[in-house]
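One structure is given here, and the rest of the page talks about it.
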Amino acid sequence: MVALLMSPWAIGFTVFFLYPMAASLYYSFTHYDILATPRWAGLENYRFMLSRDPDFWLSIRNTLWILFVGTPIRILFAVLTAMLLTRPRRGVKVYRTIFFLPSMVPPVAAAIGFVFLLNPNGPINQSLHLFGWHNPPLWFYQPNWSKWGLILLGMWGVGEAMIIFLAGLLDVPRQLYEAADIEGASGRQKFWHVTLPMISPVIFFSLVIGVIDSFQYFTQAYVAGTTVASSATGIGQPQGSLLFYSLNLYQQGFRYFHMGYASALAWVLFVITMACTILLIRTSTRWVHYQGGMLR
């Protein structure tokens with residue numbers, strides 16, 4: 001009976017997860033263009049990836065940028081926004097709803113909207129002109145500023161992370177702040193020694209999700225690149241500044257039909273993401289504090 005009840009899950013797991021993983025692992029060692037029979041190539045795809053593919057290292061650099069710059073900024077902005085929304089005031093539920101609503105906008109629609117807002121002659125640059133910035137950035141049309149446009153887009157849609165941090169902040173025991181007040185702690189000291197340790201599990205969760213999302217960053221960069229350039233040359237534009245790892249993988253597999261090479265890229269992505277996640281979990285014991293444990 002148990003086997004019968006488990007069979008739908010087992011079939012789905014095998015067909016939609018286990019078999020595709022095994023097939024992609026096999027294809028990563030072959031020359032495969034989808035239309036012809038795969039030809040065994042050994043480690044050739046991996047050697048080409050590490051030594052002769054400039055797009056691989058470019059996509060790695062762009063992905064690391066969004067990881068080490070975009071993820072911390074997004075987490076910091078979510079924490080600050082949640083802290084502002086924890087203060088009791090009239091209409092706080094309305095404010096929380098307003099801040100959360102942007103996260104419900106589909107990523108494609110949000111990206112198209114920001115391409116319009118950050119157009120060289122768009123509303124943002126027109127506003128900057130009014131404040132005396134006569135040579136504002138070209139945003140998605142300029143390599144040095146294109147990723148910062150994605151950062152602004154990520155901060156605008158920070159609602160999901162903000163809600164998680166808001167729940168964590170509201171769950172901090174009030175008696176800890178009362179004890180800190182009795183000891184004469186300042187606002188900064190209460191934040192560093194009470195608030196931050198108590199929400200460290202939420203920070204850890206957001207950091208893990210942020211790392212995984214950074215390595216899989218695709219939709220916003222794809223839409224921005226193909227909107228500001230022609231569809232034939234738009235992936236990763238301008239000048240490869242938006243060519244993230246997932247975009248390079250997509251381009252190799254579904255644009256150039258190098259499916260064997262794309263499978264190799266996918267497995268390298270899996271290994272890197274898994275290694276970073278395990279590293280975060282291993283190091284979390286040093287800085288993540290759970291309620292009921294000792295606060296350092």
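The values are calculated or read from the model by the stated rules, or taken from the named source; none is laboratory data. From a predicted model like this one, the values you see are computed outputs, not experimental measurements. In this analysis, Cβ positions are derived from the backbone assuming ideal geometry, glycine residues included, and neighbour counts consider all displayed protein chains.
Residues in region 242-266 that are buried (at least 24 other Cβ atoms within 10 Å of the Cβ), of a type in the set (Phe, Trp, Tyr) and not in a helix (DSSP H, G or I): PHE244 only.
Go through the residues of region 58-65 one by one and say whether even a single one is over 16 Å from PHE204 (Cα atoms), of a type in the set (D, E, K, R) and at pLDDT below 95. I'd like the intermediate steps shown before the answer.
Restricting attention to region 58-65, the residues satisfying the condition of being over 16 Å from PHE204 (Cα atoms) are 58-65.
So of that shortlist, the ones also of a type in the set (D, E, K, R) come out as 61.
Now narrow it down to the ones that are at pLDDT below 95: none.
No, the conditions are met nowhere in region 58-65.
Looking across VAL69, VAL94, one residue alone is out of contact with any helix residue (DSSP H, G or I) (no Cβ under 8 Å at 6 or more places or on another chain), among the β-branched types (Val, Ile, Thr) and surrounded by fewer than 17 Cβ atoms within 10 Å (Cβ to Cβ). It is VAL94.
Checked across region 196-208, the condition of being surrounded by fewer than 17 Cβ atoms within 10 Å (Cβ to Cβ) and either at pLDDT below 90 or of a type in the set (Lys, Arg) (or both) holds for no residue. Selection of first residues in region 107-123 that are closer than 11 Å to PHE140 by Cα and in contact (Cβ under 8 Å) with a residue 40 or more places away in the chain and of second residues that are part of a loop (DSSP other than H, G, I, E, B) and not aromatic (Phe, Trp, Tyr), restricted to Cβ pairs under 9 Å at least 6 apart or on distinct chains, gives the following pairs, ordered by first then second residue: VAL115/GLY122. Taking into account only those residues within region 72-81 that are farther than 14 Å from SER200 by Cα and among the aliphatic types (A, V, I, L, M), which is surrounded by the most Cβ atoms within 10 Å (Cβ to Cβ)? Once the filter is applied, the top-ranked residue is ILE73. Scanning region 113-125 for residues that are of a type in the set (S, T, N, Q) and surrounded by fewer than 12 Cβ atoms within 10 Å (Cβ to Cβ) returns a single hit, ASN121. Tallying residues that are among the β-branched types (Val, Ile, Thr) and in contact (Cβ under 8 Å) with a residue 24 or more places away in the chain within region 260-280 yields 4. Among the residues of region 25-44, those identified as touching a residue at least 12 places away in the same chain (Cβ under 8 Å), assigned to a loop (DSSP other than H, G, I, E, B) and hydrophobic (A, V, I, L, M, F, W, C) are PHE29, ILE34, LEU35, ALA41, LEU43. The helices (runs of 4 or more DSSP H) found wholly in region 103-175 and carrying at least 1 residues that are more than 26 Å from THR226 (Cβ to Cβ) occupy 123-130, 159-170.
Please verify whether PHE218 is within 25 Å of LEU265 (Cα to Cα), free of Cβ contacts under 8 Å to residues at least 40 places away in the same chain and not polar (S, T, N, Q), treating the condition exactly as stated. Yes, satisfied. Of all the numbered requirements in (1) closer than 27 Å to ILE75 by Cβ; (2) surrounded by fewer than 20 Cβ atoms within 10 Å (Cβ to Cβ), PHE140 misses one, and that requirement is (2). In region 239-259, the residues that are of a type in the set (Gly, Ala, Ser) reach residues that are surrounded by fewer than 24 Cβ atoms within 10 Å (Cβ to Cβ) and not in a helix (DSSP H, G or I) with C-beta atoms within less than 7 angstrom, at least six apart or across chains, in these pairs: SER246/GLN216; SER246/TYR217; SER246/PHE218.
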